[in-house]
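J.: The following block contains the structure, expressed as structure tokens.
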Amino acid sequence: MPLDEEPEIPFFEVHEIVVPHLGHVPIVKGDFTGLPKKIQQFIAFYADYMKPRGIFICDGSDEEAHMVINKLLERGTLHHLPKYEENYICSTDPQDVARVEGKTFICTKNKHTSVARSRAGAKGGLGLWLSPEEAKKEMDERWPGCMAGRMMYVLPFCMGPLGSPLSKYGIQLTDSNYVLLCMRIMTRMSSQVFNLIGEGDFVKCVHTMGCPRPWRKKVVNHWPCNPEKVLILHFPEEHKVKSFGSGYGGNSLLGKKCFALRIASNLARDEGWMAEHMLIMGVTNPAGKERFIAAAFPSACGKTNLAMLKPSLPGWKVRVVGDDIAWMRFNDKGELYGINPESGFFGVAPGTNWKTNPNAMASFQKNSIFTNVARTADGGYFWEGMEDEVDKDIEITTWLGQPWKIGMPGKAAHPNSRFTAPASQCPIIHPRWEDPEGVPIHALLFGGRRPEGVPLVIESRSWEHGVMLGASLKSETTAAAEFKGKSIMHDPMAMRPFMGYNFGHYLQHWLDFNKPPNKMPKIYHVNWFRVGKDGRFLWPGFGENIRVIDWICRRLDGEDIAVDSAVGMLPKKGSIDLTGIEDKVNWDEMFTLPKDYWQSDIRETIEFLDTEVGDDLPPRLRQELNEQEERIKKM
Ligand code: GTP
Ligand code: SPV
Ligand code: MN
């Protein structure tokens, strides 16, 4: 029996207006009876289960959005930012500001479908499994009647260009109109999707803030949520996601991490493709040759910034296809093609400014939503990093609603505050970003925040060596999840919080792609975040990263500009173009490989993968680790 059954509801000889089983639940918008039967059943089942006061079937139109925006303005959840066109700001309950990884589970009948057969001492950080019985118990405690007194919105959406063979459909039920507005930006939300689904398959997404009326707890910032009861459940075998208690980002915009990574990685395993936490960018060199690069960095490690990079080298052109998620597939000729399943950017606000990321700035001058940023007295947004771009003395209201000025202690915006902007508004959006076939992917990058020991760029020796570099990915913790303080965490393939199935099987899936006729893209490891003795970044980053991209593209062209090292191929000294920044960077400091550091690093990595992935660690990957360790010993 499925974990969470939606029994056939027998009343479906549809009457004219009244939907018998829903009885007291009015359809306040949309044509329920005109929907495909399977979708009617899905809605009816959950309406009965969650008991909303009404059902609002969305069509994704501007009128509909305005209706909701006006309601939220009236209620005080949203504020208009008069400095721009159709930009709105809101603050959440301060207890609901990031993804909650410890409350995010994969539910499958068999435990080891979801998580690897780890060894004693494993911390279980590569995905958490919950048994069907436990899941049912937890759901029974939360979901029945959870929408009492609230509206249930039905959001039909498509991940990927409408009509692309690589795209997938979903329907999200939610009682948050903020989620409705953000999903409208982040996915292709349209009533067309109902017809495209018909009686076919779709991912069932059920989200609630978990505050049925009468709600007796204090609501902060007009943001009802239920932090004590947050639970995010994935049922890959049933193509279903259930999320309770949080309205924030990855917890509530279920098309994003839940569907496009956790559920999709399962579909990808079964159907022979890849669902990855990667940006996709097109880079054209001064000679006019374009390459596409997909890059996996953990949360808040620079994907959005790299995808929209403004090149500091003359003659280069960068255009963005996606900034967070890539769905990729080898075609019949063995060429890897990728699409961006999303249609918006949910980007980290702090640090973003007209210098570091002008293309992101330009993307959110209109039709955007800002969450947990600060406001200026002249009706603009503000966050850390914008100090040089607003009047020094301007009155600011922090994300917590406190009066504040630049230079005062404390922070104006939450470190994980975000902008939600339509991708189509990005001035450098790639003309092929909605190409149903996707774009060809020529290189894959992995990277994280590595303050110590790890050089600016490493080229893998082979596909398998590259997969090992990806599996060994580590990064300093950031504000994107609930972790406190800074420490270096493993984040293999930048997928640690987003794995939808057994990580050992996932690595094997990657290794298995290397077979004819597939032409394997080259794999690189990059690190913009190495720190010098003075505690400052050794590499200027942002627009200067084009210099590393240039080196990578020249390698793809076969230029002899790399030297062998114990950890992979490194740039020959001087082979990265540093024209104009020679005095700012110290090559040797950026590229030295401290033997002690690497020896303990590889030991620790092997230990980690042995313990966490255990018997599911592919032997080929273990061999790559051994060989790397041997080379490091001989360094
Ligand atoms: P998610 O959206 O959470 O997945 O993050 P992301 O990977 O898209 O990271 P993003 O580009 O938003 O960058 C996160 C933070 O890193 C921001 O504060 C940036 O200013 C900073 N950052 C990005 N690129 C660089 C870089 O090249 N060098 C330095 N020093 N900081 C960077
Ligand atoms: C991330 O944490 O990687 C994000 C933000 O992109 S969220 O959508 O909240 O996952
Ligand atoms: Mn991002």
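J.: Let me know the Kirkwood hydrodynamic radius for segment 233-370, please, with Cα pairs as the basis and the value in Å to one decimal.
T.: Hydrodynamic radius (Kirkwood, Cα pairs) of segment 233-370 is 16.5 Å.
J.: Under the Karplus relation 6.51 cos²θ - 1.76 cosθ + 1.60, θ = phi - 60°, what is the ordered set of whole-Hz ³J(HN,Hα) values for segment 331-339, x standing for Gly and Pro?
T.: 8, 4, 8, x, 9, 7, 10, x, 10
J.: Suppose each label sits 7 Å from its Cα in the direction of the beta carbon; what would the Glu627-Asn70 distance come out to in nanometres?
T.: About 6.6 nm, to one decimal.
J.: What FRET efficiency comes out for Asp588 versus Asp48 if R0 is 56 angstrom and r is the Cβ-Cβ distance? Round to the nearest 0.05.
T.: It comes to 0.25.
J.: Under 16 Å from a label point 7 Å along Cα→Cβ of Lys366: give me every residue in segment 71-92 with its amide N that close.
T.: Only 81-88 fall inside the zone, counting backbone N under 16 Å.
J.: At a Förster distance of 41 Å, what's the computed FRET efficiency of Val563 paired with Asn518, Cβ-Cβ distance as r, to 0.05?
T.: After rounding to 0.05, the efficiency reads 0.90.
J.: How far is helix 132-142 tilted off the main Cα axis of the chain, in degrees rounded to 10, range 0 to 90?
T.: Tilt relative to the chain: about 60 degrees.
J.: Sticking with this structure for a sec: What are the ³J(HN,Hα) couplings of segment 569-583, residue after residue, when phi is run through the Karplus curve with 6.51, -1.76, 1.60 and θ = phi - 60°? Round to Hz, x for glycine and proline.
T.: 7, 10, x, 4, 3, x, 7, 8, 5, 10, 3, x, 10, 3, 7
J.: How much length would be gained if the chain were fully extended between Leu556 and Glu134, taking 0.36 nm per residue of separation minus their Cα-Cα distance, in nm to one decimal?
T.: 146.9 nm
J.: A further question on this structure: Using 7 Å Cα-to-Cβ label points, what is the Asp615/Asp596 separation (nm, one decimal)?
T.: Label at Asp615, label at Asp596, 4.0 nm between them.
J.: Would you mind calculating the gained length between Leu313 and Glu607 on full extension (0.36 nm times residue separation, minus the Cα-Cα distance), in nm to one decimal?
T.: That pair, Leu313 and Glu607, stretches by 101.7 nm at full extension.
J.: A further question on this structure: By what distance, in whole Å, do the Cα atoms of segment 345-423 stretch along each of the three principal axes, largest value first?
T.: Largest first, segment 345-423 extends 34, 23, 21 Å along its Cα principal axes.
J.: For the chain, with all protein chains present and a 1.4 Å probe, just round the carbon and sulfur fraction of the accessible area to a whole percent.
T.: Reported share for carbon and sulfur atoms: 52 percent.
J.: Quick one: which of 318-327, 619-628, 350-359 comes out on top by average Cβ neighbours within 10 Å, and what's the full order, highest first?
T.: The peptides rank, most packed first, as 318-327, 350-359, 619-628.
J.: Could you derive backbone 3J(HN,Hα) for segment 221-233 from the dihedral phi with the Karplus parameters 6.51, -1.76 and 1.60 (θ = phi - 60°), listing whole Hz in sequence and x where the residue is Gly or Pro?
T.: Rounded to whole hertz, the list is 6, 6, 10, x, 7, 9, x, 5, 10, 4, 7, 10, 10.
J.: Where does the chain land on Rg/Rh, using Cα atoms and the Kirkwood Rh?
T.: Computed over Cα atoms, the ratio is 0.96.
J.: Long-range amide H contacts for Asn353: which residues qualify at under 5 Å (H placed 1.01 Å from N, peptide plane, sequence gap of 5 or more or a different chain)?
T.: Amide H to amide H, under 5 Å and 5 or more residues apart or across chains, Asn353 pairs with nothing.
J.: By a straight-distance test (C-alpha under 25 Å), which lysines pair with Lys486 as possible cross-link partners, with residues fewer than eight away in the same chain excluded?
T.: Hits, sequence-local ones excluded: Lys103, Lys123, Lys257, Lys303, Lys411, Lys474, Lys533, Lys595.
J.: Given a Förster radius of 30 Å and the C-beta distance between Thr284 and Leu196 as r, what FRET efficiency does 1/(1 + (r/R0)^6) yield to the nearest 0.05?
T.: Here the calculated transfer efficiency is 0.30.
J.: Gap in Å between the Cα centre of segment 43-104 and the Cα centre of segment 493-507?
T.: Using only Cα atoms to place each centre, the spacing works out to 31 Å.
J.: Averaged per residue, what accessible area in Å² does the chain show with a 1.4 Å probe, protein chains only?
T.: I get 38 Å² per residue for the chain.
J.: Hey, another quick one. Pairing the Cα long axis of helix 37-50 with the longest principal axis of the chain, what angle in degrees results, from 0 to 90 and rounded to the nearest 10?
T.: 80
J.: Related question: Using a simple spin-label model with points 7 Å from Cα along the Cα→Cβ vector, what separation in nm is obtained for Glu387 and Phe483?
T.: Result: 2.7 nm between the two label points.
J.: Tell me the angle of helix 503-512 to the major Cα principal axis of the chain, expressed in degrees between 0 and 90 and rounded to the nearest ten.
T.: 60
The values are calculated or read from the model by the stated rules, or taken from the named source; none is laboratory data. Predicted model, so just to flag it, every value in this text is computed and none were measured. Using ideal geometry, Cβ is built from the backbone for each residue, glycine included, and neighbour counts are taken over all protein chains shown. Keep in mind that these areas ignore ligands, DNA and RNA; they rest on the heavy atoms of the full protein, side chains included. Shrake-Rupley method; radii C 1.70, N 1.55, O 1.52, S 1.80 Å.
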